[in-house]
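Below you'll find the structure, written out as structure tokens, and then a few comments.
No lab work stands behind these numbers, since they all come straight from the coordinates. Predicted model only: the values in this text are computed from it and were never measured. Positions of Cβ are generated from backbone atoms using ideal geometry, with glycine treated the same way; all protein chains shown enter the neighbour counts.
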Amino acid sequence: MIKGRRGRPDPRFFAGSGKADEIAAAAAEHGADVVLFNHELSPAQERNLERHLQCRVVDRVTLILDIFASRAKSAEGKLQVELAQLQHLSTRLVRGWTHLERQKGGIGLRGPGETQLETDRRLLGDRVKMLKTRLGKLSRQRQTQRRARSRNRVRTLALVGYTNAGKSTLFNALTRAGTYAADQLFATLDTTSRKLYLPGVGEVIISDTVGFISDLPHSLIAAFRATLEATAEADLLLHVVDSASPGRDRQMHEVDKVLAEIGAGDVPQLLVYNKIDATGAAPGIEKDEYGKLQAVRVSARNGAGLDELRRALADFLMMEQPEGGKDSGRADQISLTL
């Protein structure tokens with residue numbers, strides 16, 4: 001790993017010519033085929049670095065997109081990832097077609113006087129339009145389902161948090177859903193919803209969502225916005241935090257940033273400090289000096305604190321239970337928001 005510090009990115013290499021030479025020497029020494037940058041590179045910077053380093057260069061956005069592509073399982077998840085990848089690729093098409101920047105007439109896909117680059121952009125644009133249309137239909141289907149739940153006054157919860165905080169493990173522990181969970185980034189891409197019974201409240205719907213990460217590419221947020229609509233419309237967000245992570249405060253801040261960006265910044269939150277089996281903390285409920293709920297400490301892996309979490313959720317929803325509909329009692333919700 002090579003680190004550096006600059007006041008501002010170098011327009012040509014991002015890292016500066018001296019650091020680029022150091023990276024090139026290290027890549028040659030280790031026989032590297034790929035060099036990863038933990039930053040977003042412009043198309044020109046990526047092209048210049050590949051020429052200078054004589055190997056493929058992958059920036060942070062491309063790496064995240066590749067991980068998402070390998071994790072997507074459902075048809076909708078694959079559509080969302082492909083849309084984000086194509087939108088990211090659209091700014092980099094010139095890299096692959098610079099040698100074909102010349103006019104060529106022809107019959108078929110390419111119109112008279114259309115360059116290869118123009119053809120590629122047009123085909124890519126057609127594909128993006130088709131993907132957005134299909135995702136729009138799926139979004140409308142989910143909206144219909146949410147309206148039906150709202151009419152039936154079914155309460156909804158959503159698990160949110162930084163990637164690898166343990167959301168899917170907690171989801172499985174609460175619902176016995178069997179959702180895929182692993183100690184890896186973005187193990188969950190597809191929103192999964194299950195019924196959860198809470199004493200005194202009855203059945204609620206709880207959803208597991210994609211994990212967030214710092215500097216999440218805007219193309220990904222846009223592509224997954226339809227999926228994350230369930231987050232913005234939930235009655236309560238369970239903000240799952242990896243309590244064993246040394247960067248947990250920064251991670252919580254990043255999650256709040258993304259929530260605000262997707263319109264879920266005002267939805268009430270309950271902090272769930274997960275992985276207490278790794279910190280030695282005792283399971284339980286944290287309250288402030290006024291007796292208001294602050295957070296719940298749990299271990300989704302061994303089940304410690306899950307009973308306390310269920311009681312906290314039931315207490316919250318009963319306190320916020322409206323007589324005339326979902327919107328009344330909102331002030332009580334805000335009083336519990338962290």
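With each label point set 7 Å from Cα along the Cα-Cβ vector, what nm distance links Met318 and Ala32?
Modelled inter-label distance: 5.8 nm.
I'd like the distance separating the alpha-carbon centroids of the range 32-54 and the range 262-276, in whole Å.
36 Å
Give Lys19/Lys78; Lys195/Lys275; Lys137/Lys275; Lys3/Lys275; Lys78/Lys275 a once-over and call out the pairs whose C-alpha atoms are over 28 Å from each other.
As for pairs spanning more than 28 Å Cα to Cα, those are Lys19/Lys78; Lys137/Lys275; Lys3/Lys275; Lys78/Lys275.
For Asp10, list long-range residues whose amide hydrogen, built 1.01 Å from N in the peptide plane, is under 5 Å from its own amide hydrogen.
Ala15, Gly16
I'd like to compare 49-59, 159-169, 236-246, 278-288: which one has the highest average count of other Cβ atoms within 10 Å, and what's the full order after that?
With the highest mean Cβ count within 10 Å placed first, the list reads 159-169, 236-246, 49-59, 278-288.
Among 26-32, 271-277, what's the highest-first ranking by average C-beta atoms within 10 angstrom per residue?
Top of the packing list down: 271-277, 26-32.
log₁₀ I(q)/I(0) of the range 1-44 at q = 0.13, 0.17, 0.25 Å⁻¹, via Debye over equal Cα point scatterers, no solvent, to two decimals?
Values, matching the q order: -0.28, -0.48, -1.02.
Taking just the alpha-carbon atoms of the range 225-312, what radius of gyration and Dmax come out, in angstrom?
Spelled out, the Cα radius of gyration and Dmax of the range 225-312 are 13.7, 39 Å.
Sum up the charges of everything whose Cβ sits under 12 Å from the Cβ of Leu131, counting Lys and Arg as +1 and Asp and Glu as -1, but leave Leu131 out.
Once positives and negatives cancel, what remains is +3.
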